[in-house]
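Working notes, structure below.
The values are calculated or read from the model by the stated rules, or taken from the named source; none is laboratory data. Keep in mind the model is a prediction, meaning the values are calculated, not measured. Using ideal geometry, Cβ is built from the backbone for each residue, glycine included, and neighbour counts are taken over all protein chains shown. Ligands, DNA and RNA are excluded from the accessible area calculation, which covers all protein heavy atoms including side chains. Shrake-Rupley method; radii C 1.70, N 1.55, O 1.52, S 1.80 Å.
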Amino acid sequence: WDETHFGKMGSYYINRTFFFDVHPPLGKMLIGLAGYLSGYDGTFPFQKPGDRYEQHNYVGMRGFCAFLGSCLVPFAYLIVLELSKSLPAALLAAFVLIFDTGCITLSQYILLDPILMFFLMGAVLSMVKCNSCADRPFSASWWFWLSLTGVNLAGAMGVKFVGLFVVLLVGLNTIYDLWDLLGNLSLSLVMFGKHLLARVLCLILLPLALYAAMFAVHFTVLNKSGPGDGFFSSAFQSQLIGNNLHNVSVPEHLAYGSVVTMKNLRMAGGYLHSHWHLYPEGIGARQQQVTAYLHKDLNNLWIIKKHDSDTADLSDPSSPVEFVRHGDIIRLEHKETSRNLHSHQHEAPLTRKHFQVTGYGINGTGDSSDFWRIEVVGRKAGKLIKVLRSQVRLTHVATGCILGSSGKTLPKWGWEQVEVTCTPYLKESPNSLWNFEDHINPKLPNISLDVLKPSFAEMLLESHMVMIRDNEVTSKPWHWPINYQGLRFSGVNETDYRVYLLGNPVIWWLNLVTIGLYLLIAVSTAVALKRGVQLTTELKELSRVVLRGGGQITLGWLLHYFPFFMMGRVLYFHHYFPAMLFSSMLTGITWDALLKFCAGFLSPSTTARKVYRGGFLTLVLLITYSFYLFHPLSYGMIGPMASDPSSPMAGLRWMDSWEF
């Protein structure tokens, strides 16, 4: 399963090979580091699930993830203990995570999830520990926990962007604390300012600095050309050893008579390309095809000419150099076929309401539909155009449409290259932006591309734009809490050794029931307190735990679950696991409070204690026995599928949607 992705990315770090991924780099860097330190040499190909590791030392990477996954149990125990001050509540939360088949499965392979959840739970633990030091602000322990919260926030964000949810949780907790301090009239405004600055330093500036540092290490380590090059701009690629743009020298500013290649800024948008083949009958005008091609090729070369005169004289070494400027009207002549880049109001081959782009004319002689206005994003008229760095837009003078790559693959008649169109919709997007990559002009001095080297800030921004742009549902969020459907980790048939990611059904359904139960208890408690119902000291403290401690955990569950309903990307079952950690902790707090409430109404105290202990023991036995039943899901099954009555797992397929 995903070991083929994240194990391979660990190998890329060991080999220093540049790659692209939609997630920030910390998780993969740590996997690579664990492999490197444990003797893995980065040579296993990670081609498909089920491939044998043979002599390759993969144990260090799996062991690292398993260790971080194991830490979730003590983290949950300590968080619940801090919030509830109840040992049984903390133990129950720990038991729930220890005996959940889903957490075990997700933690024992080379995946990002255990690393993400480690930092997430670390941030929550640090936050509640810092809250417990509120009575001694600016003490060593207060600074330690506040700083550690910031470190863990940076870690969570550095593994996956969903780390933003725990940032939001800590942010809301901080706002609540500051609002509370503002209402404390014994606190001077100067002291309040110190509290505010401490939180800005530890919870904003420290995480941002660490997050940027991760990318600095990422860019430094991955300095060799690799499979991720094509997703990034030409200037970015020029920094990679082995890339054809590395250490190359080209003229810096565009001039008439220059021979150039143009790269579309859309991810994998390709180079502007043409060839002798014509559009087939019935596909717009039967003129020469213009496409976007993802590879280097002589058919990507174009000559920049003035719109109103021939440029033959510009090849004369004695003629003066004339630079192309923002706002100029130009022609682009295809070097190999001598046809001009052309557009007209015929419809594009694939994209409706876009205009067709063709190669037209003979030996550079065409008509007024070959004229394009060249404009640089964010520049004023008359400014020069830089190779690699300037993002340009080509507007067709006759129709007002903009040259762009649609990203759609043409049929076999178009050699399965990418469709180029002229769009009448003037919305700014990477599809309609280009930069000049190759640049040949003997009359201009060459400069090293190091002069054009992007700054760290530009590389950081570009890598984030590419990650965000690539995030695109095989699983629906409402399926997750009910454990509706799992994920095959390995093996698909009877002879395979099968591992199936599915939460322990008893635990997951107990967690689901507990959320409803908690809301009922919390509302009842809030109403009772509002109405002035007389409560014993013990029940008052229990009410505080339910409302404050349980409320924080419930907010964490909401923040880590409901945003997925609004996401327009591919979703999987494992995306629910951070939220599941919060619902498991809520189970510990809620059932402990419920049993104590029930015991509080019983007398004598021995009966109350028996009820409380009996309820607690029943829950623990139920959780333990359910793990005994479902543990093969995590540790592997072989033999008939559960849909076969002869399978030892047949009686455990409680839902038809479970495919183990």
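Which residues, taken from region 414-445, are within 26 Å of the chain's Cα centre (by Cα) and either surrounded by fewer than 18 Cβ atoms within 10 Å (Cβ to Cβ) or not in a strand (DSSP E or B) (or both)?
Hits for region 414-445 are K427, E428, S429, P430, N431, S432, L433.
Quick check: is even one residue across region 373-388 outside any strand (DSSP E or B), closer than 22 Å to I329 by Cα and touching a Gly at 6+ places or on another chain (Cβ under 8 Å)?
Yes, there is a match, as at least one residue in region 373-388 is outside any strand (DSSP E or B), closer than 22 Å to I329 by Cα and touching a Gly at 6+ places or on another chain (Cβ under 8 Å).
Residues that are open to solvent by 10 Å² or more (accessible area, probe 1.4 Å), of a type in the set (F, W, Y) and not assigned by the TED database to the domain that holds L542: find the helices (runs of 4 or more DSSP H) completely inside region 60-116 holding 2 or more of those.
Qualifying helices (runs of 4 or more DSSP H): 72-84.
State whether the residues of region 569-588 include one that is more than 30 Å from the chain's Cα centre (by Cα), in the same structural domain as W478 (by the TED database), among the charged types (D, E, K, R) and part of a loop (DSSP other than H, G, I, E, B).
Scanning region 569-588, I find no residue that is more than 30 Å from the chain's Cα centre (by Cα), in the same structural domain as W478 (by the TED database), among the charged types (D, E, K, R) and part of a loop (DSSP other than H, G, I, E, B), so the answer is no.
Name the residues in region 76-103 that are over 24 Å from E541 (Cβ atoms) and not charged (D, E, K, R), would you?
Hits for region 76-103 are L97, I98, F99, T101, G102, C103.
Go through the residues of region 185-202 one by one and say whether even a single one is out of contact with any His (no Cβ under 9 Å at 6 or more places or on another chain), outside any helix (DSSP H, G or I), on the phi < 0 side of the Ramachandran plot and surrounded by 14 or more Cβ atoms within 10 Å (Cβ to Cβ).
no
Conditions (1) out of contact with any Ser or Thr (no Cβ under 8 Å at 6 or more places or on another chain); (2) at pLDDT below 80; (3) of a type outside the set (F, W, Y), marked per residue:
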{"position": "G600", "(1), (2), (3)": "no, yes, yes"}
{"position": "G615", "(1), (2), (3)": "yes, no, yes"}
{"position": "S626", "(1), (2), (3)": "yes, no, yes"}
{"position": "H631", "(1), (2), (3)": "no, no, yes"}
{"position": "S643", "(1), (2), (3)": "yes, yes, yes"}
{"position": "A650", "(1), (2), (3)": "no, yes, yes"}
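Using the structure shown, decide if F573 is surrounded by 13 or more Cβ atoms within 10 Å (Cβ to Cβ) and in contact with a Cys (Cβ under 9 Å, 6 or more places away or on another chain).
The answer is no for F573.
I'm trying to understand the selection: among the residues of region 393-409, which are out of contact with any Leu (no Cβ under 7 Å at 6 or more places or on another chain), open to solvent by less than 50 Å² (accessible area, probe 1.4 Å) and under 28 Å from N244 (Cβ atoms)?
Scanning region 393-409 gives G404, S405, G407.
Within region 217-237, take every residue that is among the aliphatic types (A, V, I, L, M) and out of contact with any Ser or Thr (no Cβ under 9 Å at 6 or more places or on another chain) and give me the one that is most open to solvent (accessible area, probe 1.4 Å).
This residue is V217.
Just for region 238-261: of the residues that are of a type in the set (A, V, I, L, M) and under 24 Å from S455 (Cβ atoms), which one is surrounded by the most Cβ atoms within 10 Å (Cβ to Cβ)?
L254
Going through region 37-59 one residue at a time, which ones are on the phi > 0 side of the Ramachandran plot and surrounded by 12 or more Cβ atoms within 10 Å (Cβ to Cβ)?
Those that are on the phi > 0 side of the Ramachandran plot and surrounded by 12 or more Cβ atoms within 10 Å (Cβ to Cβ): G42, F46, G50.
What residue, of M214, M121, is open to solvent by less than 30 Å² (accessible area, probe 1.4 Å), aliphatic (A, V, I, L, M), closer than 30 Å to L633 by Cβ and in a helix (DSSP H, G or I)?
Checking each option against the conditions leaves just M121.
Of these, A526, A608, A599, which one is among the small types (G, A, S), in contact with a Gly (Cβ under 8 Å, 6 or more places away or on another chain) and more than 20 Å from V124 (Cβ to Cβ)?
A608
Taking region 13-33, which residues are out of contact with any strand residue (DSSP E or B) (no Cβ under 9 Å at 6 or more places or on another chain), part of a helix (DSSP H, G or I) and either of a type in the set (K, R) or surrounded by fewer than 22 Cβ atoms within 10 Å (Cβ to Cβ) (or both)?
Correct list: I14, K28, M29, L33.
Would you mind stating whether P604 is open to solvent by 50 Å² or more (accessible area, probe 1.4 Å), over 19 Å from W509 (Cα atoms), in the same structural domain as L501 (by the TED database) and modelled with pLDDT under 80?
yes
From R548, R544, which residue is part of a helix (DSSP H, G or I), basic (K, R) and under 28 Å from S70 (Cα atoms)?
Exactly one residue qualifies, and that residue is R548.
Looking only at residues in region 611-660 that are charged (D, E, K, R) and within 37 Å of the chain's Cα centre (by Cα), which one is surrounded by the fewest Cβ atoms within 10 Å (Cβ to Cβ)?
Ranking the qualifying residues of region 611-660, first place goes to D656.
Please determine, by comparing only the residues of region 135-176 that are open to solvent by 30 Å² or more (accessible area, probe 1.4 Å) and of a type in the set (D, E, K, R), which one is nearest to R548 (Cα to Cα).
Step by step, filter region 135-176, then rank; the result is D135.
If you scan region 522-540, which residues turn out to be in a helix (DSSP H, G or I) and surrounded by 15 or more Cβ atoms within 10 Å (Cβ to Cβ)?
Selection gives A522, T525, L539.
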